[in-house]
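The values are calculated or read from the model by the stated rules, or taken from the named source; none is laboratory data. In this text, all values refer to a predicted model and were calculated from it rather than measured experimentally. Here Cβ is always computed from backbone atoms with ideal geometry, including for glycine, and neighbour counts include all displayed protein chains. Surface accessibility is based on the protein's heavy atoms, side chains included, excluding ligands, DNA and RNA. Shrake-Rupley method; radii C 1.70, N 1.55, O 1.52, S 1.80 Å.
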Amino acid sequence: MIRSNIACLFVATYLSGCDQPAPDYRAAKPSVVRQGGERTGPVRWNGDIGVFELAGQPLRQAKLWTFDGSTDGFTAAKSQLSLADDKGLHVRVVDPPLRSPRDLEIEGWSYSLVLVRLTRLKRGKTWDGALYYTTETHPESVQFLAKPISGADPAIHETSILVYDMTRLTVGGEDWRNSIIDQIRLDLEDQPGGEFLIHQVAIAASSNAPALLAPSLR
């Protein structure tokens, strides 16, 4: 008799539950967290004095582009370039190469750092980050390129400083140090679709190699 009553109670409870709306499990999905902020690295941008710093010391800059009301001579074959309202060069990647002006006449042995401070707005297919350059003796080539030693592949809405130590080329040995640099080319991604806001680009001198090798958040 007791078992029969329990069974009836179970059935009644089950049937009453059939009149209730099904739980909305979609509400249990985690919310999307928007990433952002500025990544810590060996080089920082000091906006108060308009200079990049390494280990707290201002770097001597042969060239500095800030894209304040102008593209500063940077060009792209197919990618779409525009100026941001709050300064900076907005790049919508269609074809990877982004080139500086020509005739830079940079002494590679004196200025061995290339610095690119940017924010990633939208992820494309694949991060690249390769930096190519031309000299008096050779055009752009896969035989002469560098990859950043710090700051590569930023997250969405993360600001990062890509640090290229041109004394340690990925391919090319000591070519940069032995050359007069005419132009640089930056490939951010190798497929269309990504978007970036480039805040500053500089070619600078560094005599503090140990500081460049300091651990950084990657």
| request: Look through the stretch 180-197, keep the residues that are touching a Ser or Thr at 6+ places or on another chain (Cβ under 8 Å) and of a type outside the set (A, V, I, L, M, F, W, C), and return whichever of them is farthest from THR40 (Cα to Cα). | output: ASP182
| request: Report, ordered by the first and then the second residue, all pairs with beta carbons closer than 7 Å, sequence separation of six or more or different chains, a first member in the stretch 97-110 that is touching a residue at least 60 places away in the same chain (Cβ under 8 Å) and open to solvent by less than 40 Å² (accessible area, probe 1.4 Å), and a second member that is among the small types (Gly, Ala, Ser) and outside any loop (DSSP other than H, G, I, E, B). | output: PRO97/ALA76; LEU98/ALA76; ILE106/ALA62
| said: For the stretch 156-165: of the residues being among the hydrophobic types (A, V, I, L, M, F, W, C) and surrounded by 15 or more Cβ atoms within 10 Å (Cβ to Cβ), which is farthest from the chain's Cα centre (by Cα)? | reply: VAL163
| remark: Of the residues in the stretch 112-145 that are open to solvent by 40 Å² or more (accessible area, probe 1.4 Å), more than 11 Å from the chain's Cα centre (by Cα) and touching a residue at least 40 places away in the same chain (Cβ under 8 Å), the one that is farthest from LEU64 (Cα to Cα) is LYS125
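Condition check ((1) in a strand (DSSP E or B); (2) within 24 Å of ILE181 (Cα to Cα); (3) touching a helix residue (DSSP H, G or I) at 6+ places or on another chain (Cβ under 9 Å)) across all residues:
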site: LYS63; (1), (2), (3): yes, yes, no
site: ASP86; (1), (2), (3): no, no, no
site: VAL94; (1), (2), (3): no, no, no
site: PRO101; (1), (2), (3): no, yes, no
| From ARG177, ARG168, residue being within 24 Å of TRP45 (Cβ to Cβ) and open to solvent by 30 Å² or more (accessible area, probe 1.4 Å) | ARG168
| note | Within the stretch 65-84, the residues that are under 18 Å from TYR111 (Cβ atoms) and either charged (D, E, K, R) or in contact with a helix residue (DSSP H, G or I) (Cβ under 8 Å, 6 or more places away or on another chain) (or both) are ASP72
| field | Cβ pairs under 9 Å, 6+ apart, first in the stretch 173-193 and over 20 Å from PRO101 (Cα atoms), second among the hydroxyl-bearing types (Ser, Thr, Tyr) and open to solvent by less than 10 Å² (accessible area, probe 1.4 Å) | value | ASP175/TYR133
| said: Need pairs with beta-carbon distance below 6 Å; first residue surrounded by 12 or more Cβ atoms within 10 Å (Cβ to Cβ) and within the stretch 44-69, second assigned to a strand (DSSP E or B) and at pLDDT below 95; sequence gap 6+ or separate chains. | reply: none
